Amino acid sequence: MTCAPASRRAPFREDLLYRLGEFVIDSRRCAERPEDVLFFMDLFLEEACGEMDRHVHGYSAAAAELLVGHPWPGNVRELKNAVRRAVLMAPGELVETTQIDLLARGTDAGAEGCPSGPLKEAVRALEKKMIRRALEAAAGNKTRAAELLKVSYPTLLSKVKEHGLEP
């Protein structure tokens, strides 16, 4: 299917713009609404525990403070991902600060709060860490680890081999 040339496209209906303007949704950033961060932390914790069959019941005070105080440049999606990783990595019933992996938290963060170094290396390191933790959480059961990571079994086997995580 191809797009029509600009000369044959219908003009934008101006009345549609005014109709859409009737419904304005205020979507402030997470950093501007810490009370919502608390709500979403609990919601995402419950969702992740259900999906991963984990029994994490909450956050330590320090972990909650860290999550509420983070600027969340990726907004609610970044928060959801951070909570999911923390649930996967939590060894007990509480998420501690050591399980929280935030982009702007690293010791190698630059002036903008982003990690320095090549993105490919950072992604690879995080992938290896998550696979190792999933295998630990699944007691070495690769089928269960693949389910926790939401990847296919063959993909997990390939990644385990690629990262040298085979026993």
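The values are calculated or read from the model by the stated rules, or taken from the named source; none is laboratory data. Keep in mind that what you see is a predicted model, and the values were worked out from it rather than measured. Cβ coordinates were reconstructed from backbone atoms using ideal geometry, including for glycine residues, and neighbour counts include every protein chain displayed.
Odds and ends about this structure:
- Residue pairs whose Cβ atoms lie under 7 Å apart, separated by 6 or more positions or on different chains, with the first residue in the range 124-147 and closer than 12 Å to LYS159 by Cα and not assigned by TED's automatic domain parsing to the domain that holds ARG84 and the second surrounded by fewer than 16 Cβ atoms within 10 Å (Cβ to Cβ) and of a type in the set (Phe, Trp, Tyr), are LYS142/TYR153; ALA146/TYR153.
- Comparison of LEU38, LEU17, LEU67 shows that the only residue that is hydrophobic (A, V, I, L, M, F, W, C), in a helix (DSSP H, G or I) and without any contact (Cβ under 8 Å) to a residue 12 or more places away in the chain is LEU17.
- On the stretch given as the range 70-104, residues that are closer than 21 Å to ARG132 by Cα, of a type in the set (A, V, I, L, M, F, W, C) and outside any loop (DSSP other than H, G, I, E, B) total 9.
- Any chance ASP53 is on the phi > 0 side of the Ramachandran plot and in the same structural domain as VAL95 (by TED's automatic domain parsing): yes
- Counted residues, the range 128-167 - those being in a helix (DSSP H, G or I) and closer than 25 Å to HIS55 by Cβ: 19
- Residues located in the range 113-127, provided they are of a type in the set (Gly, Ala, Ser) and either outside any helix (DSSP H, G or I) or at pLDDT 85 or above (or both): GLY113, SER116, GLY117
Yes/no per residue for (1) surrounded by 14 or more Cβ atoms within 10 Å (Cβ to Cβ); (2) more than 25 Å from LYS80 (Cβ to Cβ):
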residue: ARG13; (1), (2): no, yes
residue: TYR18; (1), (2): no, yes
residue: VAL24; (1), (2): no, no
residue: SER27; (1), (2): no, no
residue: CYS30; (1), (2): yes, no
residue: MET41; (1), (2): yes, no
residue: CYS49; (1), (2): yes, no
residue: ASP53; (1), (2): no, no
residue: ALA62; (1), (2): no, no
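- Of all residues making up the range 65-81, the number that are farther than 18 Å from GLU32 by Cβ and either more than 17 Å from the chain's Cα centre (by Cα) or of a type in the set (A, V, I, L, M, F, W, C) (or both): 0
- Cβ-Cβ under 7 Å pairs, at least 6 apart or on other chains, the range 93-111 side closer than 14 Å to MET41 by Cβ and at pLDDT 75 or above, far side of a type in the set (A, V, I, L, M, F, W, C) and loosely packed, with under 14 Cβ neighbours inside 10 Å: THR97/ALA62
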